[in-house]
Structures are given as structure tokens and as C-alpha cells.
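The next block holds one structure in the form of C-alpha cells; read it before the comments.
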Amino acid sequence: MILAPETFQLPRSMSAEAPSGDALYMDIYWFSLVFLVLITGAMLYFVVKYRRKKGVRPERTRDLTKLEIFWTITPLIFLVIIFHVSFETYVKNATAAEGAMEIRVRGKKWSWEFEYPNGSREAKELTLPVNKPVKFILSSDDVIHSFFVREFRVKRDAVPGQYSYIAVTPTELGDAQIFCAEFCGTSHSDMLGTVHVVTDEQFRKHLDEMDKMPEVCGDTGKEQCTPALWGRTLFVKNGCPTCHSVDGSKGNAPSLKGVFGTLQPLTQGPDVMADENYVRESILRPQAKIVKGFTNTQMPLFVFKDPQTDALIAYVKSLK
Ligand code: CUA
């Protein structure tokens, strides 16, 4: 299939759904443009032709019922046709093919989390095999977000308390940006991600390796990975720095600097030693023990596999 490159009006297209939607968009665009030119042209023509002239008395205009019915009914017919074709295209594109791979998409302030059929999760980054139909099951942990990938021509709200669905079949290898298209709070504009469309083989390899420590990680993605460095990479990727500082400054949540190995004052019960078990529990069940002074914010739920949790603990440990 030949896919259109980026144009002035439309971004690059990377999905099987894009061409029909784009064609419809261009049809409506040209249709509207023709009528814009015709109607504006006629208006200008009549303004000039029937302008006020000396010695010419204006005639009284009469009702022309037939003409009025004509110009009311004709656009209505066009609108019904446009609606019908658009709705049909939308339903066809939004319905997942039989046997589509189901990916769960969770919006949370302010990050996207993706869950693959094998249960592995990752934040902000989504890898999809090329030419395989995918069904996204969207949900939200807090407020309304909107999952938007321009290159796929896919946009759907993620609403708390319910599931919504959208389907796509990526047809081109490469990366595309994921946006949140619904204003959801102060860091709405940071709620970005990347979708990587890869070959089937690369996809399977990615699934196999996702939960293991990669060889390289860090800010540049090229540093030799250690548990603490991988932990920091996961920490940043999951949006933790939005609330947790690592330099001791107070945010919406306790700073993690120097926390490990010290006594933490809790809202309820005696102080608790911040050891491996405490950090693990705070990551996986954030509401279990709440540090004094932080009852107003609720940390969203994160699910990490053991190697990732261990890496995060190693990172917290390293914050002296
Ligand atoms: Cu999430 Cu805007």
C-alpha cells in the first residue's frame, strides 16, 4: 500500500484506517471549497450589480417559496449524505478486526500506561507489530484524558469508571507521537508518549525483554545500565518526578532524598523504618502507609514486575 506523506493539511499516515478517513476529509474539503467560492462569488456579483444607483428606485422583493424550499432542502440532502458516509467510515474504522491484539491504555495524571496481552506494562512507550490489527481498551485512573495518535488517525477519550475502545492496524514501520487531547490538569502538555511500529520479530523480542533490565538506559539511553540507573529511568518514565523530588524540596509528595534507612513519621501509627519492604509497599500499595503531611494527594496505582520494583528500590537507596 502506498501511504501519503505529510501534507499541509494532514500528518503522515501510518495505519490502514487513515486512507479512507483522509479521502473523506479531502472530499468534504473540496466540496465545501466549491460552494464557498460559488456562494461568495454570487454575493459579490449581486452586491456590485444591484448597488444603489442615481435615478433607479429599488423594487419591492416578493416571497419566492419555491426558491426558499429549494435552498433549504438541497443543503440538507448534502448534509445527510456527508453524515451517512462519515458515520459509516467511522464505525468501520473504530471496530476492531476479529482476533485483534488487545492493548489496555490507562491514562493517569500525567502519563500513559500500556498493558500488553501477556500482562507486561510500560509507561509512555508503546510498541506495536506492523500489519497486525490492534484493539485499544481505554480507561482512566482519575480524570478524562484523550488518547490521540495523529499518524494513526486515532483519537478516543479515556473516561474514569468506564471502558472505551478504538481500533487501529499500523501499516508502516517507524515512530509516532502519542498526545493527550483533553485538558486534564497542570501537566496535561507533558502527557506525551511514543508509539514504535516494529516488525513482528522485533515485537516478540521486545515483549520477552521488557521486564528485564536492558543493557543500556539512563538519560541518553546509551549508558551502561545498573539497577539504580534503570530504576531512575523507570522513575522518570512513569512520571514520578511530577510529585516526588529527589533533592529534598517539598512537592505534592515526600521528597525521596535520604529517605532510605531512616525513620518515617506516618499519619497513623508509630514511625516506620524505610527499608526495602517499606519502599516496595509504598510503590505497589501507595495508600498503605501515608507519611505525615501528605494526606491530600493520592498517588496513582502502579504495577511493576519484581525486577522493575527492585530497580526502583535500588534507585531510592542511591538517593543519599
Ligand atoms: Cu491527560 Cu490531558
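The values are calculated or read from the model by the stated rules, or taken from the named source; none is laboratory data. Just so it is clear, the model here is predicted, and its values are computed rather than measured. Virtual Cβ from ideal backbone geometry, glycine too; neighbours counted across all protein chains shown. Calculation scope for accessible area: heavy atoms of the full protein, side chains included, ligands and nucleic acids excluded. Shrake-Rupley method; radii C 1.70, N 1.55, O 1.52, S 1.80 Å.
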Over the range 116-271, with neighbouring protein chains present, the accessible area per residue in Å² at probe 1.4 Å is 50
Taking a straight Cα-to-Cα line shorter than 27 Å from Lys66, and setting aside same-chain lysines fewer than 8 residues away, one finds Lys49
Interchain or sequence-distant (5+) residues whose placed amide H lies within less than 5 Å of the amide H of Ala158 are His145, Ser146, Phe147
Using alpha carbon centers only, the range 174-199 is separated from the range 36-101 by a whole-angstrom value of 38
Percent antiparallel among DSSP beta bridges confined to the chain, rounded to 5, stands at 70
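Using heavy-atom solvent-accessible surface (probe 1.4 Å) with all chains present, what is the largest-first order of Lys320, Lys292? Can you show the working numbers first?
Numbers: Lys320 180, Lys292 125 Å².
My answer, sorted largest first, is Lys320, Lys292.
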Ranked output for segments 112-119, 222-229 by mean other Cβ atoms within 10 Å, highest leading, reads 112-119, 222-229
Long-range amide H partners of Ala100, meaning residues 5 or more apart or on another chain whose placed amide H is closer than 5 Å, are none
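Students often get this wrong, so check it: of Lys212/Lys250; Lys108/Lys289; Lys92/Lys205; Lys109/Lys205; Lys292/Lys317, which have C-alpha atoms separated by over 25 Å? Intermediate values should be presented prior to the final figure.
Details: Lys212/Lys250 32 Å; Lys108/Lys289 21 Å; Lys92/Lys205 32 Å; Lys109/Lys205 30 Å; Lys292/Lys317 21 Å.
Too far apart for the 25 Å limit: Lys212/Lys250; Lys92/Lys205; Lys109/Lys205.
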Under a Gaussian network model of the chain whose springs join Cα atoms within less than 10 Å, the largest fluctuation of Gly107, Gly269, Gly231 belongs to Gly269
Gyration tensor on Cα atoms of the range 216-318, a ≥ b ≥ c root eigenvalues, a/c under 1.5 rounded, else prolate if a/b beats b/c, else oblate, says prolate
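Restricting to DSSP H runs of at least four residues, report the calculated mean residue ellipticity at 222 nm for the chain, -39500 (n - 2.57) per run over all residues, nearest 500 deg cm²/dmol. Before the final figure, lay out each step's value.
Details: 6 runs with 105 residues, N = 320.
It lands at -11000 deg cm²/dmol.
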Inter-part gap, Cα centre of the range 263-320 to Cα centre of the range 144-169, in whole angstrom, is 32
Using alpha-carbon coordinates alone, the radius of gyration and Dmax of the chain in Å work out to 27.9, 99
So the carbon and sulfur contribution to the accessible area of the chain, 1.4 Å probe, in percent, is 59
Computed ³J(HN,Hα) along the range 140-154: with the Karplus parameters 6.51/-1.76/1.60, θ = phi - 60°, integer Hz and x for glycine or proline, the list is 9, 7, 9, 10, 6, 10, 9, 7, 9, 10, 4, 5, 8, 6, 10
